[in-house]
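Comments concern the structure below.
The values are calculated or read from the model by the stated rules, or taken from the named source; none is laboratory data. Just so it is clear, the structure is predicted and the values come from calculations on it, not from any experiment. For neighbour counting, all protein chains shown are included, and Cβ atoms are generated from backbone atoms with ideal geometry for every residue, glycine included. We work out accessible area using only protein heavy atoms, side chains counted, and drop any ligands, DNA or RNA first. Shrake-Rupley method; radii C 1.70, N 1.55, O 1.52, S 1.80 Å.
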Amino acid sequence: MTETIYFDYNATTLLRKEVQNLILSMPLIPYNCSSIHRYGRESKKILSDARSKISSLLNLSDQYQIIFTSSGTEANNLALKNLEDKVIITSPTEHLSVLNSLERANHEILEVSNNGIINLKQYEKLLSKYQGKAIVSLMIANNETGIIQDIKLLTQLAHKYDCLFHTDAVQAFGKMPIDIEDLNVDFITLSSHKIGGPLGAAALIYKKSINIKPLINGGGQEQNLRAGTENLSSILGFAKAVELTLGELDSYYNHTSTIIHYLETNIEAISKEVVIIGKNIPKLSNTLCFTMPNVSSYIQVINFDLEGFAVSAGSACSSGKIKASHVLSSMGYPEEIGSSAIRVSIGLNNTLDEAKLFIKKWKEIYNRLSIKNEAA
Ligand code: PLP
């Protein structure tokens, strides 16, 4: 069987070889950072070095504290299920780890434009309504569309009204420059497996002047804020992945934007009916969300899989039914667009030749399935 070409880097990335080697080079000793004995002390040193390394790579002053969690999902939950007396202001295009954390909380959902951008007028109105009583949660870049929000401005506005600001940077981190001190966010979520680090490690970075409490109770790990024996090898790998990722931001941008530009222009050349989501809006350089007119996302994903490409549906498939993506429907796209969109998200390992092959396959699938549609 030929190898599948991976165009689904926003779902997860390939573990970096250097990270794998580093983990494999860890001496075989028992790693529990809470133990008092020598092994415990050695474990604690690895943990504290990883935390200091990430802190210094991100140029964090000591106003910020890093809490390691098991996933970006957990970090988002930790930020949002904490301040129960606050109203959560968020957007309908957030990841489900944010939207599904709102169930029991007082919350307000902002409107977004057809381009997925926050309605600033409504935002400021809500901030003034909940002055001093809200926490805002808005992502830097969307996982399905790659659309980027102006987080610095949104944070400034939140602070103007004495509200706190959390940003989910799980997709943006490692794909664009992020200066946490300059953004001045109160909480930010990062996840290791989106940047070539291992699964099982992520972080909530927050201003330690804010009083938060743990979501998971138990021992006193992570300054009493996240109980559970630390996943040391993943945290070590996470810190290494942060170092490698930040060292290649420029080449990442140049490489991925060239390939995405090629894909976008060539797909548009095949069919004028294609809708590119967030066209001409600032987007992640590695992400392209677009429709294949009249062909469901699910059918596209299966056909691309058969042709040797791993891509993702912009829509969720649950209990056998294809549901249009909540992101695209909240941007005002009708069902036929939402349910015919796929997401291509690439990485440094992808090549222009792979993109050329993808265009060839896209054309073939489009011609084949549209003929079937007509015959039906
Ligand atoms: N936030 C965004 C924007 C994501 O894309 C994802 C994962 O896809 C998450 C949060 C959840 O991160 P994790 O997979 O580490 O739980």
Using a Cα-Cα cut-off of under 18 Å, which aspartates and glutamates could be cross-linked to residue 81, ignoring same-chain neighbours fewer than 8 residues away?
94, 103, 108, 168, 186, 222
Cα pair distances in the range 1-160, grouped into 10 Å bins until the bin that holds the longest one, percent each
8, 26, 30, 21, 13, 2
How large is the convex hull of the C-alpha atoms of the range 1-84 per residue, in Å³?
189 Å³
Past 32 Å, Cα to Cα, is the threshold; run 175/356; 53/133; 125/279; 44/175; 121/361 against it and keep the listed order.
53/133; 121/361
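Give the relative contact order (percent, whole number) for the range 1-158; include only Cα pairs under 8 Å separated by 6+ residues.
Numbers: 129 pairs, mean separation 23.5, N = 158.
Relative contact order of the range 1-158: 15 percent.
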Using only the alpha-carbon atoms, what does the chain span along each of its principal axes? Please give whole angstrom values in decreasing order.
71, 54, 40
Among the Cα-Cα pairs of the range 73-212, the proportion with separation greater than 22 Å, in percent, is 31 percent
Quick check: at a probe of 1.4 Å, how many percent of the accessible area of the chain sits on carbon and sulfur atoms?
52 percent
Could you check what % of the DSSP bridge pairs in the range 117-217 are antiparallel, to the nearest 5?
45 percent
Which of rounded, prolate, oblate describes the range 148-224, given a ≥ b ≥ c as roots of the alpha-carbon gyration tensor eigenvalues and a/c under 1.5 marking rounded, otherwise prolate only if a/b is larger than b/c?
oblate
Per residue solvent-accessible surface (Å²) - the range 219-292, probe of 1.4 Å
40 Å²
Nearest 10 degrees, 0 to 90: helix 151-160 Cα axis against the chain principal axis:
50 degrees
Using only Cα atoms and rounding to the nearest 10 degrees, what angle (0 to 90) does helix 232-247 make with the longest principal axis of the chain?
60 degrees
Roughly how compact is the range 113-177, stated as its Cα Rg over 2.2 N^0.38 Å to two decimals?
1.13
Given the chain, what percent of its DSSP beta bridges are antiparallel, to the nearest 5?
60 percent
Can you give the calculated 222 nm mean residue ellipticity of the chain, where each DSSP H run of n ≥ 4 adds -39,500 (n - 2.57) and the sum is split over every residue, rounded to the nearest 500 deg cm²/dmol?
-12000 deg cm²/dmol
Exposure rule at most 10 other beta-carbon atoms within 10 Å, DSSP loop trypsin sites (Lys or Arg not before Pro): the chain longest free segment
105-271
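Just check the range 215-373 against the gyration tensor rule for me: Cα atoms, a ≥ b ≥ c as the square roots of the eigenvalues, rounded for a/c under 1.5, and otherwise prolate or oblate depending on whether a/b exceeds b/c. It would help to have the intermediate numbers written out before the result.
Working: a/c = 2.35, a/b = 1.60, b/c = 1.47.
It comes out prolate by the Cα gyration axes.
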For residue 147, enumerate residues with amide H under 5 Å from its amide H, sequence gap 5+ or separate chain, H modeled in the peptide plane.
142, 284
Under a 1.4 Å probe, what is the accessible area of the range 23-118 per residue, stated in Å²?
51 Å²
Ranking 42, 111 from most to least accessible area with a 1.4 Å probe gives 111, 42
Rounded to the nearest 0.05, FRET efficiency between residue 52 and residue 105 (Cβ-Cβ, R0 35 Å) equals 0.55
Rg from C-alpha atoms of the range 142-188, normalised by the globular rule of thumb 2.2 N^0.38 Å, equals 1.14
Using alpha-carbon pairs under 8 Å, 6+ residues apart, how would you state the relative contact order of the range 110-251 in percent?
17 percent
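Expressed as a rounded percentage, what relative contact order does the chain have, with Cα pairs under 8 Å and six or more residues apart? Mind showing how you got there, number by number?
Numbers: 694 pairs, mean separation 82.8, N = 376.
About 22 percent, as a whole number.
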Which residues qualify? For residue 216, with a placed amide H closer than 5 Å and at least 5 residues away or on another chain, they are 227
What are the equivalent ellipsoid semi-axes of the range 224-318, built from the alpha-carbon gyration tensor (square roots of five times its eigenvalues), in whole angstrom, biggest first?
34, 20, 13
Across the range 132-287, how large is the tail of the calculated P(r) beyond 19 Å, expressed as a percent of all Cα pairs?
63 percent
How much accessible area does residue 182 have with a 1.4 Å probe, in Å² rounded to the nearest 10?
80 Å²
I'd like the FRET efficiency for residue 3 and residue 209, computed as 1/(1 + (r/R0)^6) with the beta carbon distance as r and R0 of 45 Å, rounded to 0.05.
0.35
